[in-house]
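Written out below as C-alpha cells is the structure these notes cover.
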Amino acid sequence: MKLTIVGLGFGEKKGITLEALDTIKNSSNVILRTKHHPTVELIDEMGIEYKTCDEFYEKADNFEELYKSIAKKVLEESKEKDTVYVVPGAPSILESTAFHIIKDEPDVEIVEAVSFIEPCVTASKIDIGEGLVLIDAVDVNFYNLNPNFNIMITQLWNEFIISDVKLALMEIYGDEYEIEAIYSAGIKGEEEIKKLKVYEMDRVLKPDIRLSLVVPTFKGNNFLELLSELSTADNEKNIDKVDIDPELKTAIMNLSQSYKNLKNLVDEGYFEMNEVIFALKSLNNGI
C-alpha cells in the first residue's frame, strides 16, 4: 500500500500546489492532521471526504505522545489501503508527525507546499544570508538560541509557551532586545506584524497556532567572539601597550588564556566525547 504526505501550505490558496490538490482529490482515504487550517475550506469546496486527527489533541498528555499517536494511526491505515495524510504548512518543515512516519516508513512519498517561512521572511525583511534557525516554540531553550543567526520561532499557541520562550530569550538577548511577532504570515487581511521588546512578550502577544517570532541576528560581538579576538597572538602581544587598569588587564589575559585552554580541550576531545555518548546511549537503550 502507498502512503503520501501532502502539505496544505501556509494558509492561502496560493500556498498549496496543483499536485497536492490532485493527490488529495484522487485518494479514497484522506486523513487530515487537523481541520483547523484555512486551506481546508478549499478541500471542503471541492467536496472531498476526509477524516481528521483532532480527537488526539484532547487525549494526549504531551506533544511527543500526540505526534506519535497520530503517526501510528496514519501508518496503521496505510497498511490496509492507499492513504493520503494532509498536514498544515510543508511536510518537511517542522512537521513532527511526518518525521515520526518517515522514521518508520522511509518510502513515503512527499508532496510539498509553500511553507510559512517564505511569507515570514518577506514580512520581517530579514536577510537569511546571515543564517536562519527554525525552532518549534516548545523546543526553545538556552542551548539552541544562537545570536549569530536569525531565529524564527513558530507555533506560540498558548500562554505558557510564550512565557517559556520569553525567559529563554531574556537569558541570551536581554530584556530590551527588539523582536518581531508575525500573525498569519502571508494571509491577506489577517497578517499582522508587531515590533516589541523581549520583556513585553507575555503582556502584548495573544497565543495563536499561526504566531511566529523573528529574532534578528545580534549585530554586536558576543562574549565568545570577544574572547576569540583577544586571544590572537597580535592582540596578546600588544595589550601591554593599551592604557587600561592593570587589574582589568590581568583579568582579561586570564580569561583569554582560559578560553584558549578550553578551546584546545574541546578540539582534542570532541570525537572521544562523541564515542562516550554513543556508548552510554547504547547501554541505556539495552543495545
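Every residue in the range 24-37 that is touching a residue at least 24 places away in the same chain (Cβ under 8 Å) and open to solvent by 40 Å² or more (accessible area, probe 1.4 Å), please.
Of all residues in the range 24-37, those touching a residue at least 24 places away in the same chain (Cβ under 8 Å) come to 24, 27-34, 36-37.
Within the range 24-37, S28, H36 meet the criteria.
Please tell me if E171 is more than 29 Å from E12 (Cα to Cα), open to solvent by 50 Å² or more (accessible area, probe 1.4 Å) and without any contact (Cβ under 8 Å) to a residue 24 or more places away in the chain. Walk me through how you get there before you give the answer.
Values: more than 29 Å from E12 (Cα to Cα): yes; open to solvent by 50 Å² or more (accessible area, probe 1.4 Å): yes; without any contact (Cβ under 8 Å) to a residue 24 or more places away in the chain: no.
Here the answer is no, as E171 does not meet what is asked.
Of all residues in the range 20-65, which are among the hydroxyl-bearing types (S, T, Y) and in a strand (DSSP E or B)? Working first, answer last.
Residues of the range 20-65 among the hydroxyl-bearing types (S, T, Y): 23, 27-28, 34, 39, 50, 52, 57.
Correct list: T52 only.
Can you tell me which residue in the range 104-113 is surrounded by the fewest Cβ atoms within 10 Å (Cβ to Cβ), limited to those that are modelled with pLDDT of 95 or more and not in a strand (DSSP E or B)?
So the residue we want is E112.
Out of curiosity, is K219 of a type in the set (K, R), within 18 Å of N150 (Cβ to Cβ), without any contact (Cβ under 8 Å) to a residue 40 or more places away in the chain and open to solvent by 60 Å² or more (accessible area, probe 1.4 Å)?
yes
Tell me, which helices (runs of 4 or more DSSP H) lie completely within the range 161-249 with 1 or more residues that are at pLDDT below 85 and of a type outside the set (G, A, S)? Walk me through it before giving the result.
Numbers: elements: 201-204, 223-230, 233-238.
Helices (runs of 4 or more DSSP H) meeting the threshold: 223-230, 233-238.
Within the set of pairs 6 or more residues apart or between chains, which connect a residue that is over 24 Å from L211 (Cβ atoms) and open to solvent by 30 Å² or more (accessible area, probe 1.4 Å) inside the range 2-23 to a residue that is among the acidic types (D, E) and assigned to a strand (DSSP E or B) with Cβ atoms less than 9 Å apart?
K2/E109; T23/E109
If we scan the range 75-93, do we find a residue that is surrounded by 19 or more Cβ atoms within 10 Å (Cβ to Cβ), β-branched (V, I, T) and part of a helix (DSSP H, G or I)?
No: zero hits.
Filter the range 139-160 down to residues that are part of a loop (DSSP other than H, G, I, E, B) and either among the β-branched types (V, I, T) or at positive phi (or both) and give me whichever is surrounded by the most Cβ atoms within 10 Å (Cβ to Cβ).
Start the filter on the range 139-160 by keeping residues that are part of a loop (DSSP other than H, G, I, E, B), which leaves 140-141, 145-149, 155-158.
With the extra rule that they be either among the β-branched types (V, I, T) or at positive phi (or both), the set shrinks to 140, 155.
On the way: V140: 23, Q155: 21.
Checked the range 139-160; the qualifying residue surrounded by the most Cβ atoms within 10 Å (Cβ to Cβ) is V140.
Restricting attention to the range 55-71, and to residues there that are open to solvent by 70 Å² or more (accessible area, probe 1.4 Å) and either touching a residue at least 12 places away in the same chain (Cβ under 8 Å) or under 16 Å from the mean Cα position of the chain (by Cα) (or both), which single residue is farthest from S28 (Cα to Cα)?
Among them, the one singled out is E64.
The values are calculated or read from the model by the stated rules, or taken from the named source; none is laboratory data. All values derive from a computational prediction rather than experimental measurement. Methodologically, a virtual Cβ is constructed for each residue, glycine included, from the backbone with ideal geometry; neighbour enumeration extends over all protein chains shown. Side chains are part of the model used for accessible areas, which takes the heavy atoms of the whole protein and leaves out ligands, DNA and RNA. Shrake-Rupley method; radii C 1.70, N 1.55, O 1.52, S 1.80 Å.
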